[in-house]
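Participant: Take a look at this one; I'll ask things after.
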Amino acid sequence: GGVMARRLLAAAMTLPLVSDLLLSIGQWAGWYEATAATAIQTVIVSGALGGLVLITARSLNRMGAQRQRAEEEIKQLNQELTLRLAELEVSNSELEAFSFAVSHDLRAPLRSIDGFSRILMEDCAGQLDEEARDNLRRVRAAGQRMERLIDDLLRLSRVTCGELRRSKVDLTTLAQRIAREMQRSEPTRAAEFLIAPALQVEADPNLLRIALENLLGNAWKFTGKKKDAKIELGCTTRDECRVT
């Protein structure tokens, strides 16, 4: 309606003026009389307005067809999006159920390991030397850390359902702790960790530890055949931002 109004309003204002000017020139030149000039003007204005209406109607029809096609495409996309969201919800539910089942099956043997290790340390402490007691402490610490990892994995499976517990994390200290654990696991290796000082980030501490253990663990694993391996964690500046 706005398009038609603009076009017809412009034509209604300009056509009479232009036709009057042309007809006045024709009368002055003696091409026709005043009565004929009026009839000619009527035909010109009516024909021009009629043609403009037809052109505008055709244009509006094309616009309407394009709009209808766009609405149908949007409707189809919305239906596909709704279907994908439903599938994603089902997948998330299945993943959460699987995570709970796995965590339950893993917790039972971990509790047994931790419990029997504690009993040995309490009841047989006098019969064990320092190395044996240290080994039991490491077994208990590894079991407890595994239980924390299970909790973190459960939280990771529900990460889309809730907010992350973000806080400032001393990445340097965390990386050094993980590096010491790896070096204690294989004391014969000569790998060197180069960890930059004062690395501070904002993240979920538990999930960040999982990510860092995977990254450093992969580096530790794939440098196992190198005699003088160096594993480095640092930072750089990219686009005026500090990137670790």
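Participant: Of S91, S59, which has the most accessible area and how do the rest follow, probe 1.4 Å?
Facilitator: Most to least solvent-accessible, the answer reads S91, S59.
Participant: Which of G224, A57, L85 sits closest to the plus end of the dipole of the chain, meaning its Cα is farthest towards the positive end, when Lys and Arg get +1 and Asp and Glu get -1 on the C-beta?
Facilitator: G224
Participant: I'd like the trypsin sites (Lys or Arg not before Pro) in the stretch 177-244 restricted to DSSP loop residues with at most 10 other Cβ atoms within 10 Å, sorted by number.
Facilitator: Those satisfying the criteria are K225, K227.
Participant: For labels at I119 and R189 in the simple 7 Å Cα→Cβ model, what's the distance in nm?
Facilitator: In this crude label model, I119 to R189 measures out at 3.4 nm.
Participant: Find me the longest stretch of the chain that has none of the exposed GluC sites (Glu not before Pro), where exposed means in a DSSP loop (not H, G, I, E or B) with at most 15 other Cβ atoms within 10 Å.
Facilitator: 34-162
Participant: Relative to the longest principal axis of the C-alpha atoms of the chain, give the angle of the C-alpha long axis of helix 2-29, reported between 0 and 90° and rounded to the nearest 10°.
Facilitator: So the inclination is approximately 30 degrees.
Participant: Tell me, in nm to one decimal, what length is gained between A132 and L95 on full extension, where the rule is 0.36 nm per residue of separation less the Cα-Cα distance?
Facilitator: Difference between extended and current length: 9.3 nm.
Participant: With Rg/Rh (Cα atoms, Kirkwood Rh) in mind, check (i) 1.42; (ii) 0.99; (iii) 1.50 and report the label derived from this structure.
Facilitator: (iii)
Participant: So in the stretch 114-244, what percent of DSSP beta bridges are antiparallel if you round to the nearest 5?
Facilitator: 65 percent
Participant: Give a residue-ordered list of calculated ³J(HN,Hα) values for the stretch 135-142 (Karplus: 6.51 cos²θ - 1.76 cosθ + 1.60, θ = phi - 60°; whole Hz; x for Gly, Pro).
Facilitator: Taking θ as phi minus 60°, the curve returns 5, 5, 4, 5, 4, 5, 5, 5 Hz for the stretch 135-142.
Participant: What shape does the stretch 81-210 take by its C-alpha gyration tensor, where a ≥ b ≥ c are the square roots of the eigenvalues and a/c under 1.5 counts as rounded, a/b above b/c as prolate, and the rest as oblate?
Facilitator: It is oblate, given that a/c is not under 1.5 and a/b is not larger than b/c.
Participant: Also: For a quick check: with amide H placed at 1.01 Å from N, whose amide H comes under 5 Å from L233's, ignoring anything fewer than 5 positions away on the same chain?
Facilitator: Those qualifying (amide H under 5 Å, at least 5 residues apart or on another chain) are L194, I195, A196.
Participant: Can you give me the C-alpha center-to-center distance between the stretch 127-143 and the stretch 163-229, rounded to a whole angstrom?
Facilitator: 23 Å
Participant: Could you calculate the contour length gain from L77 to A211, that is, 0.36 nm times the residue separation minus the distance between their Cα atoms, to one decimal place in nm?
Facilitator: 44.7 nm is the gain from fully extending L77 to A211.
Participant: Please compute the length gained on full extension between I40 and A65, using 0.36 nm multiplied by the number of residues separating them and subtracting their Cα-Cα distance.
Facilitator: Once the chain is fully extended between I40 and A65, it gains 5.3 nm.
Participant: Which value at 222 nm does the chain reach when only helices count, each DSSP H run of 4 or more adding -39,500 (n - 2.57), with the total divided by all residues and rounded to the nearest 500 deg cm²/dmol?
Facilitator: That comes out to -27000 deg cm²/dmol.
Participant: Can you sort D114, D239 by solvent-accessible area, 1.4 Å probe, largest first?
Facilitator: Largest accessible area first, the residues go D239, D114.
The values are calculated or read from the model by the stated rules, or taken from the named source; none is laboratory data. Keep in mind that this is a model prediction, so the values were computed, not measured. Note: ideal-geometry Cβ built from the backbone for every residue, glycine included; neighbour counts use all protein chains shown. Only protein heavy atoms, including side chains, enter the accessible area calculation; ligands, DNA and RNA are left aside. Shrake-Rupley method; radii C 1.70, N 1.55, O 1.52, S 1.80 Å.
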